[in-house]
1. Which aspartates and glutamates, on any chain, are close to Lys117 with Cα under 16 Å apart, when same-chain ones fewer than 8 places away are left out?
2. For segment 7-282, give the magnitude of the charge dipole about the Cα centre (Cβ charges: +1 Lys/Arg, -1 Asp/Glu; no others), in debye to the nearest 20.
3. In sequence order, what are the phi-derived ³J(HN,Hα) couplings for segment 187-200 according to the Karplus relation 6.51 cos²θ - 1.76 cosθ + 1.60 with θ = phi - 60°, rounded to whole Hz, with x for glycine and proline?
4. Tell me, how many Å apart are the Cα centres for segment 474-535 and for segment 1-20?
5. Restricting the count to DSSP beta bridges whose residues both fall in the chain, what percent are antiparallel, rounded to a multiple of 5?
6. With N set to the residue count of the chain, report its C-alpha Rg divided by 2.2 N^0.38 Å to two decimal places.
7. Under unit Cβ charges (Lys, Arg +1; Asp, Glu -1), what dipole magnitude, rounded to 20 debye, does the chain have relative to its Cα centre?
8. Counting each DSSP H run of 4 or more residues in the chain as -39500 (n - 2.57), what helix-only mean residue ellipticity at 222 nm follows after dividing by all residues, to the nearest 500 deg cm²/dmol?
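Just so it is clear, none of the values below were taken in a lab; they were calculated from the coordinates. Just so it is clear, the structure is predicted and the values come from calculations on it, not from any experiment. Here Cβ is always computed from backbone atoms with ideal geometry, including for glycine, and neighbour counts include all displayed protein chains.
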Amino acid sequence: MSVRNLEYLFEPRSIAIVGASQRPGRLGTTVLDNMAASGFAGPLWPVNPKYDTLRGIACHARIAALPAAPDLAVLCTPPDTLPGLVAELGARGTRAAIVLTPLSPERDARLHAALLKAARPHLLRILGPGGTGLIAPAAGVNASVAHVGAQAGIRAGQIAFVAQSGMLMTALLDWAGRQHIGFSRVVSLGGGGDVDVADLLDFLAGDADTQAIVLHLESFGNARKFLSAARVAARGKPVVVLKSGRGTDREERVIDAAIRRAGMLRVYSSADLFDAVQTVARARTPAAATGEHERLAVISNATSLGLLATDALAWTGGRLATLSPATVRALQPLLEEGAQPANPLDIGVRAGVDRHVAAVRALLDEPGADALLLVHVPTASAGSTAVAQALAPLVRAAPRTVLSCWLGGDGVQAARTVFADAGLPTYDTPEKAVRAFRQIVQYQRNQALLNEVPAQVPATGEAERAAARAIVAAARRQGRGRLREDECRTVLAAYGIGSVAPQDGNDGGPPLRIAMHVDPVFGPVLDFGLGGAAGRLVPDGAAGLPPLNLVLARDIVRRSRAGGLLADPAAACRMLVRVADLVTDLAEVAALQLDPLEGADDELGAAAAHIELGPARPEALMAIRPYPQALEETVQWQGAPLLLRPIRPEDGPAHVRFFAALDQDDVRLRFFTVLRELPPAQLARLTQIDYDRAMAFIATRPGADGMAETLGVVRAVADPDNHSAEFAVVVRSDLKGLGLGTILFGKLVAYFRARGTGALVGDALARNDGVQGLVRRFGGSVRPGSAPDSVRLAIPLHGKSS
């Protein structure tokens, strides 16, 4: 994964268009027209030996004739010329190129490989080949062949749109122009041989001009790279995904699971994608959207309109808010004689502007509603434009999402424009507005999975795991493709999964099923649902990617039909975590099925089990890197053993106690501010790390009460190019000066040196003498920082950066 030189794609100071033309229909003509009309402030250099000028701009015969190396080159020349041009540009100093010339994967595979090979020595990044190009409105860059917006200009905004389909990109730009929605970056990937979706997610995650990301994907490429980048991006800003090209039901469940695991929102149609663009641009997401935080209030000026909205809400599994007595009293004087306040609220066809404003104000004060939907049709008593003008200031100041539907054609267009200009979401139909609300709810649910701290499931002992590995290895040496029944029982028991006799009736709930298969893109996948005869009659299933914890397992159970039939899902969740541990640990397991799973007291057991074997999967095949148990190490410190290990999500409670034991001065030295307690989202970020690009080691031992206590932590997050990793270290205040920081930091240095990272770097307050001494002890440097009273720390690791 790499963001190297991507800034030259989006913020170039000079642009060359190689193959620029004036002949109609040519790529070079369209992109030159678009760039000439885009307001680009830097030099624009057409390159083509056939012309002296194009569009009044001096045209250069060849790259060597350019006044300087362009930051960005746009190539529109025949396929055979591309590798040579890229090599020439790279040697001249260009660091980014957009190749608009399409290359066929079958016919032009050799050229495609030569193109990438020519770029590699110069670190020149290639967007394409093929596709529609790139647009960065605020920078005046329209290096695309999109035919819409070229003359009127594409609005600058805060949404980035990345598409694998150039035609969908063009359609979205056309729609967004009519909706008054702008973009920070618009990218068509084309062939994506160099710059891929993961690279762009990494760039956009740190892009201050981008507040939301919308993706259209046809494939995922490297699943681990994609999910790693997606999880980083989704922690900081909304990410919406449309995947085109439907697979089997099982494949779709896997894609759903991957997108949820990354904290993104999946939509299932181009119509929903367009609406989602508006939603992420304008809606205020509720603070949480689980349990009692997904309740919608509906207000309309016609009974039928409110019913359309509530019908749509019911179909999508949503909930209407219950109005409080205070809200009912506030609304009663606003209604016509004999009408009673209810949700949906009908304020009547004779409601004027003042009644609309008063009713909306009352519902915005309703504590039991998390969002409000206004559905309006113009009447003789109140035209839509007047209502919109009166409501816009009130709604804009509201702390929660207000969705609106102005139902009609030309007669309500002005009202939609009033709300759009005020940055407020508006939809053509009640059903679209309800779907937008449900998108907000689902997005918040997915985000909650990133921020919850799970409870801990007791880990299986190493002796039991070793015995299970020996059984599997012996079966593979004998050339067997499956385990015998007795071997299955022994292997399952090693991971806390017992066997039970089949039961005619199961008082503990329905029979369940857990299965595992290997997806060609995302690797091992777990499926959970109804088992036994019920599972064969009623299609059911929810998928999840190992490794799992109880929070993730609970989400899988909740999404299945079986989950709704369980009085207490705790046993099913524990079983999913144990199976995930088995699958993660035993790389030779190619398929597994426990069906049925039945209750025994408060636990589940497998009445039937089937385990198939194959060649050991490489660890890299898992879409999410599992907990690196091999990095655990026991050392002697102060005359007693101390465990050094990577941090786990389950360390959350111990991390809270650790933070509480820090002096406020130590907190200020570590966080550059005073914090009395760790907010839940920050606690999740500290304990739920992506082991593929970050590492945090803790020093831990059993406390006096028998509970594990954290004594110190050191962490670092590598940049996508592995040039450097930003580090931080903190030791419990009562243990400072005893050498613990040195032990922890030494483990971090050794890990990132072995990883090939170029350097460990960090910032500290100038008065933090302890960390400065630590850095010098490991051969590092301390220099003045960019902020007053700060220092910049750096430790070269002499590793090979990539």
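1. Partners found: Asp80, Glu88, Asp108, Asp194.
2. The dipole magnitude comes to about 240 debye.
3. Computed from phi, the couplings for segment 187-200 are 9, 9, 6, x, x, x, x, 10, 6, 10, 4, 4, 4, 5 Hz.
4. A separation of 52 Å, based on Cα centres.
5. Around 55 percent of the beta bridges assigned by DSSP in the chain are antiparallel ones.
6. Normalised Cα radius of gyration, the chain: 1.06.
7. Dipole magnitude for the chain comes out near 2040 debye.
8. -11000 deg cm²/dmol
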